[in-house]
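A quick write-up on the structure given underneath.
The values are calculated or read from the model by the stated rules, or taken from the named source; none is laboratory data. Since this is a predicted model, take the numbers as computed values, not measurements. Here the Cβ positions follow ideal geometry from the backbone for every residue, glycine too, while neighbour counts run over all protein chains shown. Calculation scope for accessible area: heavy atoms of the full protein, side chains included, ligands and nucleic acids excluded. Shrake-Rupley method; radii C 1.70, N 1.55, O 1.52, S 1.80 Å.
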Amino acid sequence: MRQRLATPGPTEVPQRLLLAGAREIVHHRSTQMEELLHEVNSGLPPLFGTTRPVYTIASSGTGAMEAAVANCFSPGDEVLVVSNGYFGERFRDIALAYGLVPHVVESEWGTSADPERVAASYARHPEVKGVLVVHSETSTGVLNDVEAIGRLFRDTDVVVVVDAISGLLVHTMEADAWGLDVVLAASHKGFMLPPGLAFVSVSDRAWAAVERASGPHYYWSFQRLRRFYPMSSSSPAVSLVQGLSESLRLLTEEGMPAFRERHALLGQATEHALTALGFVPFVREPHRRGNVVTSALAPEGIDTSRLLKTLSNRHGVTMTGGQAHLKGKLIRVGHVGATDPLDLCAIIAAVEMSLLELGHRFSPGSGVGEVIRTHQEANA
Ligand SMILES: *Cc1c(COP(=O)(O)O)cnc(C)c1O
């Protein structure tokens, strides 16, 4: 049975990228590696909307979140943590682990963070040294307005750290223009690569904070990354970097506007398809619904853990459910990276087949029909 990933990381890896990662290993101080890193180092910054270097580290996304916290702040520093989901909570936990004092600006899961509430919290805590915020909150599918949040701190020394791990590429990112100091991404979301690489951009304001900060770090040291740049500070994940150069080529071939339009179409089509099958979109503000993953509450009487098991065991489709308190209630359909409308037809067809097997009644084909209709309308 063919296996399909409909998860928001890891994602399907196109064969071209798999093959690029299967090439012979080059040494990390060789001319070949120098050329490879040059390609990667010049390709990444425009995708972040920055003119500064973007550093590549061997790590999952969480490692980049930890690196940002470890480098920019010192134990005892107060920070604002904007949290409306699982990854916002992870930022809070990392801040606590490093001895920071987080003030959490919390909003309900499925809603977006209100920049005015962030401003109000800043007014109450004017001593904060940083703000930690998630761009696309993958646990719910919400997109936070990081441009508006960045604007609040424009004329301050507050370092704005953005987890754009799933949102980068799928949604516009203008790190420099929006005043976002540290922007994080990872290989296994929009870049369509296996997990294992993370990316970090660092602004001048963040470098000033890094120089002031006194917390311990070594492998995660931004200063060390800068010292060795454009080469890597220690053994890089060579195979993944080889894949990355091919991923950047693939992105250039499609073009970022087309890449984003494809994801917007996939987001809409998934939402329409699930609604037709009796699901209720979990994100209620349509303009804050991201295009990385579509989350929806299951129809009455459908246990999502059984649905996810049926999808996987009988149809080879891996999808995720809700995290934390949303376990058993949500399904999250990931459509980030290489997914195209035909893949989505297969994924939605598998949802329909699984629902029928679980005894849910609806007109077969009504979900897939919505994918076709949405695609047709977008291309009319
Ligand atoms: C995937 C993801 C992460 C990192 O997860 P890892 O499993 O450590 O790669 C962090 N934040 C967001 C928003 C994500 O989507």
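Worth pointing out:
- Close pairs from segment 299-319: first on the phi < 0 side of the Ramachandran plot, partner of a type in the set (D, E, K, R) and open to solvent by less than 20 Å² (accessible area, probe 1.4 Å), Cβ under 9 Å, at least 6 apart: M319/R332
- Unmet criterion (only one of (1) at pLDDT below 95; (2) open to solvent by less than 30 Å² (accessible area, probe 1.4 Å); (3) acidic (D, E)) for E352: (1)
- Against the list (1) touching a residue at least 60 places away in the same chain (Cβ under 8 Å); (2) surrounded by fewer than 24 Cβ atoms within 10 Å (Cβ to Cβ), the condition L169 fails is (2).
- Hey, F199 of a type outside the set (K, R), within 22 Å of S232 (Cβ to Cβ) and either within 13 Å of the ligand (Cβ to nearest atom) or in the same structural domain as P45 (by TED's automatic domain parsing) (or both) or not: yes
- Residues that are over 27 Å from the mean Cα position of the chain (by Cα) and touching a residue at least 24 places away in the same chain (Cβ under 8 Å) were ranked within segment 360-380; the one that is most open to solvent (accessible area, probe 1.4 Å) is R373.
- Among residues of segment 121-140 that are part of a strand (DSSP E or B), those with a Cβ under 6 angstrom from a residue that is among the hydroxyl-bearing types (S, T, Y) and within 11 Å of the ligand (Cβ to nearest atom), sequence gap 6+ or separate chain, pair up as S136/S166.
- Which numbered condition S232 fails, given (1) under 30 Å from T31 (Cα atoms); (2) away from the ligand (no atom under 14 Å from the Cβ); (3) open to solvent by 10 Å² or more (accessible area, probe 1.4 Å); (4) modelled with pLDDT of 95 or more: (4)
- Odd one out for L19 among (1) under 15 Å from V202 (Cα atoms); (2) surrounded by fewer than 16 Cβ atoms within 10 Å (Cβ to Cβ); (3) not charged (D, E, K, R): (1)
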